[in-house]
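See below for the structure under consideration.
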Ligand SMILES: [Zn+2]
């Protein structure tokens, strides 16, 4: 069931778009000078995502680009703010009974919830912007820049969960989400991927995380071993390969699954070997089996074995394989999180489609180089919204546009647990894309018409093609 959509524009896009609309209709409205802002006023909590433009005040608000830029390129602005988007990488939302289980600061930071680093994250520009923007999305009082993140958290947690989700997704204008449901804790705490259909205008799809598949299979094999019969490691590997290949084949046949994902970056690094001697794979497998025998479970991080099942996937995958790169939580090693380490594996599998996630931040230029040089490499630019400052986001978009063909860039939220991550992921990306492209048009490097085509492809067309979704954009009425 898809959510019913209000014909009225909502959120920040709504504020400014309604201004543009009003401005066209009535030219007698006050002249807006650069450095001035539109203030919005919400009606009531019940319809808090409906905004009416009421007054103009000096710039104190949450917009990042001068209004002059908006009025110079209204069509480009409209496209950036309202064109439907395919979110090509995200994770499910918490079930209502778990809605407050995660630290609110995890909206803008992946630091560990027990770490003082997470406390420090509330002093980042990313947190300040997220706070003001969420206050707007939630329809809080108009002095949004004076509100604290704790006040925003209290308002969000005080809202009916469905209303909160509607406010966030209503602002985000996401038509379809591709959900990686292999994130730890999802099966216990979060909703299934199709549950989210109520907030999008097209049915959502699934991404299969291969480390979860491998762990599940290996645990089942080890648990089925009889203590009295010693199975040779070669035999265990053969059994694993058969079952893993069958699972990948089943996912390839499943129309609900549109991609695979690997978190090699978190486990053993992105220097995935194109080939390993059998003895190394067996030795790594034996370490993994011993861990399962001891603990009954495993977080697979045996390099030669992990690299082995990544290769098994790449050998047959006719659907894209996403790789976590760059920006992530403290459990990854930054030195092995750069996509430049993937060049040998990319060369070894020219028929596999690699999607480098999260703009590979801070290794965006390295990612851009790979995307430009290899036909089978694409770049996602998610997670930097809202984790990086607004200026940083614009910088990332500028960097990826330095070299990347614009038909190989895809947007995502990396939304997870809380609906606010989807709202911020979309609003901030739309802001940043407009800021960068309008500037490029202004410099005379691009026509406004071509810039609009690029936006449509970055938000929708490229993902629709790469993941073979066969969607038609459902345009705002
Ligand atoms: Zn993710």
Open item on the list: Please pick out the residue among 458, 452 that is touching a residue at least 40 places away in the same chain (Cβ under 8 Å) and either surrounded by 24 or more Cβ atoms within 10 Å (Cβ to Cβ) or closer than 30 Å to residue 106 by Cβ (or both).
Closed with: 458
Open item on the list: Can you confirm whether residue 394 is away from the ligand (no atom under 16 Å from the Cβ) and closer than 26 Å to residue 159 by Cα?
Closed with: no
- [ ] Provide a single number: the residues in region 86-122 that are closer than 30 Å to residue 334 by Cα, outside any helix (DSSP H, G or I) and either touching a strand residue (DSSP E or B) at 6+ places or on another chain (Cβ under 8 Å) or within 16 Å of the ligand (Cβ to nearest atom) (or both).
- [x] 15
Open item on the list: Suppose the filter is in a helix (DSSP H, G or I) and more than 16 Å from the ligand (Cβ to nearest atom); does residue 294 pass it?
Closed with: yes
Task: Per-region count, region 429-449, residues touching a residue at least 60 places away in the same chain (Cβ under 8 Å) and over 18 Å from residue 381 (Cα atoms) - done: 5
Task: Which numbered condition residue 56 misses (of (1) modelled with pLDDT of 90 or more; (2) more than 16 Å from the ligand (Cβ to nearest atom)) - done: (1)
Open item on the list: Among the residues in region 411-431, are any away from the ligand (no atom under 15 Å from the Cβ) and more than 18 Å from the chain's Cα centre (by Cα)?
Closed with: no
Task: Those residues of region 119-132 which are under 23 Å from residue 94 (Cβ atoms) and over 20 Å from the mean Cα position of the chain (by Cα), in sequence order - done: 119, 122
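Quick one: is residue 248 modelled with pLDDT of 95 or more, farther than 30 Å from residue 386 by Cβ and surrounded by 14 or more Cβ atoms within 10 Å (Cβ to Cβ)?
Working: modelled with pLDDT of 95 or more: yes; farther than 30 Å from residue 386 by Cβ: yes; surrounded by 14 or more Cβ atoms within 10 Å (Cβ to Cβ): yes.
Answer is yes for this residue.
The values are calculated or read from the model by the stated rules, or taken from the named source; none is laboratory data. Every value quoted in this text rests on a predicted model; they were computed, and no experiment measured them. A quick note on method: Cβ atoms are made from the backbone with ideal geometry, for glycine too, and the neighbour counts reach across all protein chains shown.
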